[in-house]
Each structure stands twice: as C-alpha cells, then as structure tokens.
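Where a number appears in this text, it was derived from the coordinates with a stated rule and is not lab data. What you see is a predicted model; the values in this text were computed from it and never measured. All Cβ positions, glycine included, derive from the backbone under ideal geometry; neighbour counts span all protein chains shown.
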Amino acid sequence: MALEQLILQIVFLIVLVVPPLVSKKVEHNIELFFLAVGAAGVSLAGLWSWELLKEALLHPVAVYQPGLGYLPIGITQVVLAAGLVFYAFRNKLAAWAEALAKPAVIALLILLLGMSSSVISAIVASAVLAELLGFANAPHIYKARAAVYGAFAIGAGAALLPLGEPLSTIAVAKLKQGFFYLVEVLLDVVAVVVAFFALYAYLTLKRVGAGGIEIEPYEPELREVLLRAARVFIFIFALTLLGEFFKPMAEAVAGLGREVLYVFGTLSAVADNATLVAALVSPDMAVETLRSFLISLVLAGGFTVPGNVPNIVLASVLKIGFKEWIKLALPIGLAVFTAVGIYVLFLAPHPPFIQQPQQPS
C-alpha cells in the first residue's frame, strides 16, 4: 500500500472519531456524518463502482447467505418490524416496567439473547433487548449501561453461526467450512464473554441502582419508529462505504502475524467488520490466527456506536450518544479485550474443540 494511501486512511480514522466527541451537532447526526466521510473517502480513493453501490444499498435491507444470495431480511426491516410490534403492544408492556428494570431480569435477558443471537440473529436479539429496556422503569443512564453490556454479549454470541451476523456468514463462506465450524473455533471464548457481561451487568446495575434519578417515560411514537429505521439504513450504507475504503489497510497487514491482527481488529470500532473479514480471511489462514482475529473484531466492535449492529440498534432506540457510548464501553471493553487477548494469543491459541494437528515424529 502506498504511503500516501496509508496517510489518507489514518487521517480518515481521526476524522471519524474526533468530531463526534467534540461536537454535539455531529454526534446527534452521526449517521449523516459517517455517510459524508464514507462517500468522501471512496471518492478520493477512486473506489466507486456499481458493485459497491449495489452492496451499500443491499446491506441495510438484506442478508447474504452462501448458495442463496441476498435474502430480504435486513437490519432495517427487523428494526422497523420490532418497533411496530412493540409500539402496538406498548400499553401491555408498560405494565412490566418495574420487572424489566430489575438487575437480575436484565442480566438474564443479556445472557439468553447473547447465547441465542447466533440463531435468531444479532439484529433480532438487539432489537428485542432495546425495546424491552426502553419500557423498563429506570433512568436513561441505567438503561444505557445495560444496553452497552448487552451489545458486547450479543455481538460476541452472534459470531458462532452464519445466521448470527454478516461477519460469521462471510467467514464461513470464505473458509468453505461447515455450518458449525465457528462454534468449534470460538465457543470457549464466546461463552465466557457472554456470561461475563451478563454478570457484570447484574453487579453494576445492582450497585448503581435505578432510583434517585428522574425517570423519563418511554412513549414510542410511530414517527420515531419510522425515522429510526431510516437512520439505521443510512448507518449501514455508510459503514459499507467505509469498509471498502479501509480494505487496502486490512490487506496490507494480512501477513503480519496474529498478534498484529488482534490489535488491528480494533479498526472494527469504526469500520464494517464484515468487510474486514472479507478482505483478510481465507482458507489458508491458520485456525489460531482466525480465532484471534474474529474475537478481536467482535470485542472491539463494542467500543463505539458504529462498531457493530447491536450497538447501532440499541443506541438508536435508547438515544445513546457517540460520546456516552464510548464513556461506558471503552473502560470495560479495553479490559476484556486485553484479558481475552492474553488468553487467545498466549494461553490457549488453539481452539480446545478442534483436534490439534499431529506433529511429525
């Protein structure tokens, strides 16, 4: 990769992160901001093509399945459908507001949705959690904490099966492996991460409590439900462009070792992790490298709102800002990222559920 191109991509990384942190206007219109930056990056790099435009239009409204192509079950429709369903039952759900605010109930929801997200998809799991948290009788900061911890759990759990999220779908397709292959590669780490964030949510929410702060009633409006789906569409469209823009950087580090790739995975905090998988994962990749890289992507994806699908859904429904998400997610996220990195890089690099290759005698 040319030095000029590398400098341009580093500049764009800084541009993506800094303005939402210092400008309320940018933060409140982050979807449009990411769209503008993505379009500018693709234009400057001369990457526009009909294929890219088609992918950017399809990704928000369709899910790619190997052998079947794009299926019309995208994040936009799921967010819209979930919003309409919960809007229709808003009066009945309001009666459960007290129960939905209990730390034990929230922790159980995070555990169940995190471990089932690879089956029901990260989109559905996060939409359900977002709406239920919305109705919980608790202050905004209490819900925001629960949302961040839930997003980490759902993002990790969805990596186990191709149904969970585009990252796992593309990885399995590129590796030419079976449906349950990523379960064998990632289950030990994913199970611990999901259980940890469920327990951490319980302990944290129990400690901070939901009382003593004014509670704003959650009264979803039909206009807000429709607008939320439109904002999600724009966000995913923008991330597709950004993923294409950063793809050369990903290809440049492909052969630098799993330690470098683990750190490089933090790019998924602002770029589409499915595109990074498409750029780097191949059948020749060692299972230890694949394991550390995918884990890095799903954990770092929790750091910021655009980092992963669950973050986008939860932040949109609960109105969690870019700066607020980072403030809540980064301290615990970096701690878990470091601890898991030590585990997958040095203590247990090889998946325990896959037989070690026999060393020649």
Mean-square fluctuation maximum in Gaussian network of the chain, Cα pairs under 10 Å, restricted to Gly83, Gly178, Gly302, hits Gly178
So, with points 7 Å from each Cα along the Cβ direction, the Leu71-Leu53 label distance in nm works out to 2.9 nm
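So, counting K/R as plus one and D/E as minus one, what does the shell of residues with Cβ under 12 Å around Tyr202 add up to?
Numbers: positive: Lys102, Arg145, Lys206, Arg207; negative: none.
Local net charge: +4.
Using a ≥ b ≥ c from the Cα gyration tensor of the range 104-168 (square roots of the eigenvalues), is it rounded, prolate or oblate, where a/c under 1.5 gives rounded and otherwise the larger of a/b and b/c decides, a/b for prolate?
Prolate, since a/c reaches 1.5 and a/b exceeds b/c.
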Restricting to aspartates and glutamates and to Cα separations under 20 Å from Lys143, and discarding same-chain partners fewer than 8 apart, the set is Glu27, Glu98, Glu131, Glu214, Glu216, Glu219, Glu221, Glu224, Glu324
For the chain, the longest principal axis of the Cα atoms and the Cα long axis of helix 309-318 enclose an angle in degrees, to the nearest 10, of 20 degrees
Rounded to the nearest 0.05, FRET efficiency between Ile342 and Val17 (Cβ-Cβ, R0 25 Å) equals 0.45
Given pairs Lys54/Lys176; Lys24/Lys319; Lys25/Lys247; Lys24/Lys206; Lys25/Lys102; Lys25/Lys327 and cut-off 22 Å on Cα-Cα distance, the over-length ones are Lys54/Lys176; Lys25/Lys247; Lys24/Lys206; Lys25/Lys102
Candidates Ile215, Ile236, Ile110; GNM for the chain (alpha-carbon contacts under 10 Å) flags as most fluctuating Ile215
Dividing the alpha-carbon radius of gyration of the range 1-133 by 2.2 N^0.38 Å, where N counts its residues, gives 1.39
In order over the range 186-193: 3J(HN,Hα) from phi, Karplus 6.51/-1.76/1.60, θ = phi - 60°, whole Hz, x for each Gly or Pro, gives 10, 4, 4, 6, 4, 4, 5, 5
Bounding extents of the range 81-190 in its principal axis frame from Cα atoms, largest first in Å, are 48, 27, 17
With Cα coordinates, the longest principal axis of the chain makes an angle with the long axis of helix 3-22, in degrees rounded to 10, of 10 degrees
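Counting each pair of different Cα atoms once, what's the Kirkwood radius of the chain in Å, rounded to one decimal? Before the final figure, lay out each step's value.
Values: mean 1/r = 0.0488 Å⁻¹.
For the chain, the Kirkwood estimate is 20.5 Å.
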Taking a crude spin-label model, label points 7 Å out from Cα along the C-beta direction, the Ala88 to Phe180 distance in nm is 3.6 nm
Rounded to the nearest 10, the angle in degrees between the Cα long axis of helix 322-342 and the longest principal axis of the Cα atoms of the chain comes to 50 degrees
Diffusion coefficient in µm²/s returned for the range 251-292 by Stokes-Einstein, Kirkwood Rh over C-alpha pairs, 4 °C and 1.567 mPa s, is 124 µm²/s
Output for the range 132-229: GluC sites (Glu not before Pro) sitting in coil per DSSP, at most 15 other Cβ within 10 Å, listed by number, reads Glu214, Glu221
Sorted largest first, the C-alpha extents of the range 312-361 along its principal axes in whole angstrom are 60, 20, 11
Residues Trp325, Trp48 in order from fewest to most other beta-carbon atoms within 10 Å are Trp48, Trp325
A correct fewest-to-most ranking of Ile332, Ile106, Ile7, Ile320 by other Cβ atoms within 10 Å would be Ile7, Ile332, Ile320, Ile106
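So which trypsin sites (Lys or Arg not before Pro) in the range 288-361 are both in a DSSP loop and have at most 14 other Cβ atoms within 10 Å of their Cβ?
On the way: sites: Arg291, Lys319, Lys323, Lys327; in loops: Lys319.
Within the range 288-361, no trypsin sites (Lys or Arg not before Pro) qualify (loop, at most 14 other Cβ atoms within 10 Å).
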Here, His350 and Ala40, labelled 7 Å along Cα→Cβ, have an inter-label distance in nm of 4.9 nm
Per GNM of the chain with C-alpha springs under 10 angstrom, the most fluctuating residue out of Ser282, Ser268, Ser121 is Ser282
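For the range 214-361, report the % of Cα-Cα distances exceeding 28 Å. Can you show the working numbers first?
Working: 3298 of 10878 pairs.
The answer is 30 percent, as a whole percent.
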Neighbour-count ranking for Leu132, Leu241, Leu112, Leu227 (other C-beta within 10 angstrom, fewest to most) reads Leu227, Leu112, Leu132, Leu241
Note: the range 131-259 at 25 °C, 0.890 mPa s; Kirkwood Rh on alpha carbon pairs; Stokes-Einstein D in µm²/s works out to 136 µm²/s
Hits in the range 77-93: amide N under 15 Å from the 7 Å Cα→Cβ extension of Ile120, namely 78-79, 81-83, 85-86
